[in-house]
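Participant: Got a structure for you, questions after.
The values are calculated or read from the model by the stated rules, or taken from the named source; none is laboratory data. Values in this document were obtained by computation on a predicted structure and should not be read as measured data. FYI the Cβ positions are ideal-geometry reconstructions off the backbone, even for glycines, and counts take in every protein chain you see. For accessibility, only protein heavy atoms count, side chains too; no ligands or nucleic acids. Shrake-Rupley method; radii C 1.70, N 1.55, O 1.52, S 1.80 Å.
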Amino acid sequence: MDFVRIVGKEFVRRTFSKSGVPAHWALGNLRRLRRYVRKTWPGADPLPNSRQYAVYVHYNGKGVIHSYVIKQLEALVEAGFCTTFVSNSPKFPMANVAEIAPFCRQILWRRNVGYDFGAY
């Protein structure tokens, strides 16, 4: 999308319509080139030998991790799950990473794009 932002949507439409490629198709493919995952961190991986995996998807408009999220992550560890934490929040401070790292195998911060199940 950075390319589209720099040159402008109208330029992309004119260029691709001359080439016979529909502009909506070209714009859609340019959007897919943008990376969805902003950053990843390793967690403590409390159960490295577990064969049970869980993906915990989180969203909070302010990037806050509430206490119930920590309790749910603890419960997943107690149940024997190796958890990957995915946050779609617009902000994700390092304090959040430190707070949830003891309960997760991996932590991902991604753009809030697409349907909810896209985070899985």
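Participant: If a residue must be among the β-branched types (Val, Ile, Thr), within 18 Å of Gln52 (Cβ to Cβ) and open to solvent by less than 30 Å² (accessible area, probe 1.4 Å), how many such residues does region 64-120 contain?
Facilitator: Residues meeting the conditions: 3.
Participant: Go through Arg13, Arg34, Arg51 for me and flag whichever is open to solvent by 60 Å² or more (accessible area, probe 1.4 Å), modelled with pLDDT under 90, of a type in the set (D, E, K, R) and out of contact with any Leu (no Cβ under 9 Å at 6 or more places or on another chain).
Facilitator: Arg34
Participant: On to the next question. Is it true that Trp41 is of a type outside the set (Val, Ile, Thr), touching a Lys or Arg at 6+ places or on another chain (Cβ under 8 Å) and open to solvent by less than 60 Å² (accessible area, probe 1.4 Å)?
Facilitator: Here the answer is no, as Trp41 does not meet what is asked.
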